[in-house]
Structures are given as C-alpha cells and as structure tokens.
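Structure first, then comments.
The values are calculated or read from the model by the stated rules, or taken from the named source; none is laboratory data. This one's a predicted model, so the numbers in the text were calculated from it and none came from an experiment. All Cβ positions, glycine included, derive from the backbone under ideal geometry; neighbour counts span all protein chains shown.
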Amino acid sequence: MQRRRVMGGLISASLTATALPARAAPANLTLLVAGPAGEQTSRWGNAVALALSAAFPGQPQIYPRPLGGLDGVTGANRLDALVVPDGTTAAIMPGAALTAWLTGDPRVHFDPTRWVPVMAGCGSGVLVVRLPDDGRTDLAALRAISPLRLGADQPQSNDLAALLALARLGVPVAPVFGLRNIDAKTRAFVAGEVDAVFVSGEGVPEDIAPLAAAGGQPVFCLGSVTPDGKVIGDALFPGLPDLVAFSGTSTPFFDAVYRAAAAAARLDFLVVLPRLTDPAAVAQWRGAAQGALAAPALAAAASASSIMLQAAPVTAAAMAALDVVSDDQTGLQSFLAKSYGWQPG
C-alpha cells in the first residue's frame, strides 16, 4: 500500500523529458493495458503513457485502455487478435501473462515471442531459506533440508522460477501451495510452516526484511539480464549469486525452461508492439521509451518500487529467453503434472 501511494503521488506530478526531433506522428495513440483499472499494471500504464507522450515526436496524447484480469491474458489475447500493427497502439502487460503462455494455460491465444519489445520494468527474485545454524549457504546446505518446504502460490506464478531452479539443483521440494501473496508467505515462514520463500516483483528488499528477522537467509537470486542476453548479478543484492553461479552445473532441459520462467518472473511489466509493426513506428516508440526512462517521475516511481526500468535491447534479451522449443514447453507441463499434480486452466 505504501508503494502504491508513493507511485500515485509521483505519477500525478509533472513528467518531463527531452522531446525527440519533430517527425510525423498520429495525434493520438493508445496503450492497451493488460489488466484491470486501478491495479498494478494499470498504474504503471498510466505512468508510462504520460512519460512516453512527453518524449514522443509531437507529444501526442497516449490513452491507457485497461482490459481484462490481473494475469494479463485477456489483454495479451486482444493484442494478438485485434490490434492492427499500424503503430498507433502498443500494449503494457505483466510478466504473469508470459508465465501463463509458458505453462500452457488454455485461455492463451497469443505468442509473446513474436511481439516487438519497447521497454520494461524489471524486478528482483530471491530465494530466502531458513538454513541450519552452521553458517553454510551452499548447495549442500540447501540439499540437507529434505524435503524443502517452499511456500508458494501455484506453479502458474512467479514461483515457477523457484520450483524449476530447485529442480535444476536436485533439491527435493515439498511445496506448500495456496500462499497467494508475500504476506501469506511471510506468515507461514515466521510460523515455521515453510522453510523457504521466493520473493519477487516489486519491493523485494523490504519484503525480505521480516523473513531475515525470522532467520531467513538469501541463498541465490535470478540475477539481471544484459542487452546481449547474459545473466549477471542483481544490483540490489551485490554478492548474492544468481542460480548458475550458485550451482555451477548445467541440465539442458531445466536450463531452458528455467531461463524462460526466470525471464517472466523478472518482468514486472513490459511494453510491446504487435508483430509486423512498421519499422519506422517501432523506432518512434523506442525513441520515446529512451526519453521516458529519463523522466524524473517515472524513474522515482520505479525506484520507490525497487524496479529497474529497461530500454528495448534489454527487454528484447529478456523476451528471447521465452523462445523455447515446443518439446521443452510440453516437457515443462508434463513435469508440473507429474511432480505436483498440476494442470493448467
């Protein structure tokens, strides 16, 4: 709630950015918001629309149009099915829509691998574990907790990245599903009902604090992505290894699906254009995004939420991780059904 109030105040402030050189552009543009009015993606949509408008050639009005539920599936379907790729409409959606696609949700009728990236807001992802008192935080210490009780929402959530990370490490896991948000997970951790919690999204540092007070230790993170697709450490958690650095091993199937799930979990929101959008229009949106990244109010809102704003190259690199082969995607769904009795939909 505090982050919501901070964001609301910052968004209502005047947004400034350096305008791009004059170039023909529509008088009005639309930002399709994949989510309900007033909720998280909608609030980002309002802020991003203002920042983009100030930096767009001719400073056209950009109208946010909220649509569908929190997971963004309805809005993403609309983008693929009904939005004409003429450059007048972009979309902003949560990473949850990508997870729904990855796990085979039957409502999904879109393909995010064909969208044209414009910008994104990326968050952290950290596994916090109550470890033995010998001070070790290595893989052996993690495997010594057998099975590891992971407090989680469901497989079709950001927790998918943690489930696949632990499977990749060969750590036996007994998920405690049904913990829908960080408050529920924290209560379960403090009560000793779970051994580990995956913390992701907005405000990760402040969400970790009560877990640390209850004996939790950050073990590894999802890291962040560079424009060339390399995964590096998380600037908010210097010294904390990403999964690959933590394990030092490789398992081809789990590597591919983990990278895809981690990419979706990192993306708090992403702004995209539909496939086949004219390159000149793409250049205008991406140029406006560069200006929007420098808008003081948008930058302040991102900082208050522990979100890193990213331009098109990093957004493209993050989305590239979703381009898994169909056999891997099918294998993931089989793994979830066999391991957790879970079926999409």
Please indicate, with yes or no, whether at least one residue in region 71-80 is under 30 Å from THR249 (Cβ atoms), within 16 Å of the chain's Cα centre (by Cα) and either charged (D, E, K, R) or in a loop (DSSP other than H, G, I, E, B) (or both). no
Scan region 111-124 and report the pairs whose first residue is outside the structural domain of ALA161 (by TED's automatic domain parsing) and under 12 Å from MET93 (Cβ atoms) and whose second residue is among the small types (Gly, Ala, Ser) and in a strand (DSSP E or B), with Cβ atoms within less than 7 Å and a gap of 6+ or a chain change. VAL118/ALA90
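One line per residue, one yes/no per condition, for (1) surrounded by fewer than 19 Cβ atoms within 10 Å (Cβ to Cβ); (2) not in a loop (DSSP other than H, G, I, E, B):
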residue: VAL272; (1), (2): no, yes
residue: THR277; (1), (2): no, no
residue: ALA301; (1), (2): no, yes
residue: LEU309; (1), (2): no, yes
residue: GLN329; (1), (2): yes, yes
residue: SER334; (1), (2): yes, yes
residue: SER339; (1), (2): yes, yes
residue: GLY345; (1), (2): yes, no
Take region 182-222 and flag every residue that is surrounded by 19 or more Cβ atoms within 10 Å (Cβ to Cβ) and free of Cβ contacts under 8 Å to residues at least 24 places away in the same chain. none
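Listed here are the residues, each with its yes/no results for (1) closer than 25 Å to GLY345 by Cα; (2) hydrophobic (A, V, I, L, M, F, W, C); (3) more than 24 Å from the chain's Cα centre (by Cα).
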{"position": "PRO155", "(1), (2), (3)": "yes, no, no"}
{"position": "ASN158", "(1), (2), (3)": "yes, no, no"}
{"position": "LEU164", "(1), (2), (3)": "yes, yes, no"}
{"position": "GLY170", "(1), (2), (3)": "no, no, yes"}
{"position": "ALA184", "(1), (2), (3)": "yes, yes, no"}
{"position": "VAL190", "(1), (2), (3)": "no, yes, yes"}
{"position": "ALA209", "(1), (2), (3)": "no, yes, no"}
Matching residues in region 251-282 - criterion: being over 21 Å from the mean Cα position of the chain (by Cα), closer than 21 Å to VAL171 by Cβ and touching a residue at least 12 places away in the same chain (Cβ under 8 Å): THR251, PHE253
For the structure I just gave you, tell me whether LEU293 is modelled with pLDDT of 95 or more, within 23 Å of ARG78 (Cα to Cα) and not acidic (Asp, Glu). no
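Here is a yes/no grid of residues against (1) closer than 21 Å to PHE189 by Cα; (2) assigned by TED's automatic domain parsing to the domain that holds ALA165:
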{"residue": "LEU82", "(1), (2)": "no, no"}
{"residue": "PRO85", "(1), (2)": "no, no"}
{"residue": "ALA91", "(1), (2)": "no, no"}
{"residue": "TRP101", "(1), (2)": "no, no"}
{"residue": "VAL128", "(1), (2)": "yes, yes"}
{"residue": "ALA140", "(1), (2)": "no, yes"}
{"residue": "PRO147", "(1), (2)": "yes, yes"}
When every residue in region 223-268 that is touching a Leu at 6+ places or on another chain (Cβ under 8 Å) and among the charged types (D, E, K, R) is compared, the one surrounded by the fewest Cβ atoms within 10 Å (Cβ to Cβ) is ASP242
Residue in region 19-27 that is assigned to a loop (DSSP other than H, G, I, E, B), at pLDDT 95 or above and not charged (D, E, K, R) present: no
When region 219-232 is examined, which residues are found to be closer than 13 Å to CYS122 by Cα and of a type in the set (Gly, Ala, Ser)? GLY223, SER224
